[in-house]
Amino acid sequence: MPLRIAIGGIEHETNTFNMCDAQLVDFDINRANAVIDRNQGVRSYLGGMLDAAAAIGATVIPTINAVAMPAGVISDHAYLTIVEELVAEIKNAMPVDAVALALHGAGVARCALNIEVDICQRVRKLVGSNVKIVVTLDLHGNLSPKLSTLVDGAFGTHHHPHVDEFERGQDAINLIPRLLDGTITPMMHVEKLPFLMTPATTMYGTAADLNALCRSAEEDPEIVSCTFFHGFPFADTPDAGASVLTIANGDADKARAVAERVARQIWNSRRELGAKGLSPEEAVRRALRSKDWPVAVLDGGDDPGGGCPGDGTFLLRAMIEAGVSNACFAVMYDSSVVMQAYEAGIGSTIEIELGGKTDTRHGAPVAAKAYIKTLTDGRYVRQSPMGRGSWESLGRTVRLQIGGIDVIVLSQRDAPSDPGLLLLHGIDVSRYRIIGLKSTNHWRAGFAGLIKADYLADSPGLMSRNLTSFCYHMVRRPIWPLEKNATY
């Protein structure tokens, strides 16, 4: 009899400093066969699961998959509606040999400070101890040690940008036959560090070196996996912070020892992890002095991919005031300006108040005269290794020309992590000198081969590198860098 595996998931990265709760309407929910249709052949966690399941001849029973843009805390209504439907669909799929779930690791609901633990508790209670549960997780997961008591395998992305979601989905499914035949007896350990780590790419530098240390640990045939989770520092929860998750075959002491060894090296390297931010004005000045083009200026304080509003104006204003030309800016979230542009039509020039509508923290609106160059329906196919092959649908969008800057404005909040979004608006990045991006690191997956240098503009938004600007109440203390005397 082929293995029966129920698959599904709930993914949300929660920025608890965002005061707007994530609602049910914010989630893209796929059910039953739509889960397969949306992920077959796509470089996603579920795409990897489907690929591996087909390779081992398993029968897949799709349940539901709910994904939302990072935002504020999930409302109780939204979370309970989704998680109860997920559990109900798994119940309908039974009997199953295993459940494979695509989760995040930094999800927070009003009624659950760690939704991944809550989800796995509910599923384990339903299926019992004999059914195997495997999960995939985001590198930015704030892990709870309790997770290791609920699942039989957990695989987090190794890279930022997360170009290996597909492979981690494969890992989760490929473990199941070895769990069922007793080849693997998983001993999982989560080692927590007193360290709030700001986002860092793994494409080079210290984070890449630490990844190499994890891969060397996996050369031991008894180490199933070793993963450095950077954590998500913009979530004020008891589980916030960096961690190491290891799975050893039948040896709990080895799992702990490997995790502790890697964690010690992370701790010793903590000052070198994470890009150093500049003021938006200084970031633009450095970009203008560059001798090679194109270069990127990153709006790190207002990255929608980390739960920020996406309508912050500090960087765009700095670019305009510096008289930047042959430049583009992606993206600004402002549905009212998109509506204004649609009403005026292509070729019109309009007076706008762009951005700055969510709050005062991210800057005041930019008053400008804008020429309407392009209107689109916001639909494109992802080209980046992150989710390649999947359709994105952002609703109405517009390309405005403000002085020497082409600005993409969206009616739905999103982050510019894929070149397909810019090409949709007729923007070929290679032809520009300066690219303003509301993205901290995920842009690298799609643009790294084109961008010659990048400068991080640390505006005072909800992803500011200055963690002392946030009021933490629930994180474990002392914790570095909030307390410089924190020890590990």
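Applying a 4.7 Å cutoff between beta carbons, the unpaired cysteines of the chain are CYS20, CYS111, CYS120, CYS308, CYS328, CYS471. For the chain, the antiparallel share of DSSP beta bridges with both residues in that region comes to about 45%.
Taking segment 1-131, how much of its Cα-Cα pair set, in percent, is spaced more than 22 angstrom apart? The share of Cα pairs beyond 22 Å in segment 1-131 comes to 34 percent. Using a probe of 1.4 angstrom and keeping all protein chains present, the accessible surface of the chain works out to 37 square angstrom per residue.
Distance check, please: which entries in LYS276/LYS357; LYS291/LYS357; LYS291/LYS438; LYS192/LYS276; LYS91/LYS438; LYS357/LYS452 exceed 31 angstrom between their Cα atoms?
On the way: LYS276/LYS357 28 Å; LYS291/LYS357 36 Å; LYS291/LYS438 23 Å; LYS192/LYS276 24 Å; LYS91/LYS438 41 Å; LYS357/LYS452 33 Å.
Beyond 31 Å between Cα atoms: LYS291/LYS357; LYS91/LYS438; LYS357/LYS452.
In segment 152-222, which GluC sites (Glu not before Pro) fall in coil by DSSP and have 11 or fewer other Cβ atoms within 10 Å?
Values: sites: GLU165, GLU167, GLU191, GLU218, GLU219, GLU222; in loops: GLU218, GLU219, GLU222.
For GluC sites (Glu not before Pro) across segment 152-222 that sit outside H, G, I, E and B with at most 11 neighbouring Cβ atoms in 10 Å, the list reads GLU219.
Would you calculate the volume per residue, in Å³, of the smallest convex hull containing every Cα atom of segment 67-216? Could you put the intermediate results ahead of the total?
Values: hull volume 19.2 nm³, N = 150.
Hull volume over Cα atoms, normalised by residue count, gives 128 Å³.
Nearest 20 debye, what's the magnitude of the dipole of the chain about its Cα centre given +1 on Lys and Arg Cβ and -1 on Asp and Glu Cβ? Roughly 660 debye for the chain.
With the cut-off at 31 Å, report for the chain the share of all Cα pairs above it, as a whole percent. Cα-Cα pairs of the chain separated by over 31 Å account for 42 percent. Based on alpha-carbon centroids, what's the gap between segment 295-348 and segment 420-469 in Å, whole number please? Spelled out, the Cα-based centre of one part sits 12 Å from the other. The largest-to-smallest principal axis extents of the Cα set in segment 321-386 are 35, 30, 27 Å.
Relative contact order of segment 81-236, taken over Cα pairs closer than 8 Å and 6 or more residues apart, is 23 percent.
Placing LYS132, LYS125 in order of accessible area, with the largest value first and a 1.4 Å probe, yields LYS125, LYS132.
D for segment 387-488, whole µm²/s, Stokes-Einstein with Kirkwood Rh over alpha-carbon pairs at 4 °C and 1.567 mPa s: what number?
Numbers: Rh = 16.7 Å.
It comes out at roughly 78 µm²/s.
Using a probe radius of 1.4 angstrom, the carbon and sulfur fraction of the accessible surface of the chain is 50%. Here the dipole of segment 17-149 is about 360 debye; that uses its Cα centre as origin and unit charges on the Cβ of Lys and Arg (positive) and Asp and Glu (negative). Overall size of segment 311-429 from C-alpha positions, given as principal axis extents largest first: 37, 30, 28 Å. Ranking SER225, THR202, ALA212 by Cα position along the charge dipole of segment 189-228, where only Lys, Arg, Asp and Glu carry charges on their C-beta atoms, puts THR202 farthest toward the positive end.
The values are calculated or read from the model by the stated rules, or taken from the named source; none is laboratory data. Quantities reported herein were computed from a predicted structural model and do not represent experimental measurements. Glycine also receives a Cβ, built like all others from the backbone with ideal geometry; neighbour counts cover every protein chain displayed. To get the accessible areas, we keep the full protein, side chains included, count just its heavy atoms, and leave off ligands, DNA and RNA. Shrake-Rupley method; radii C 1.70, N 1.55, O 1.52, S 1.80 Å.
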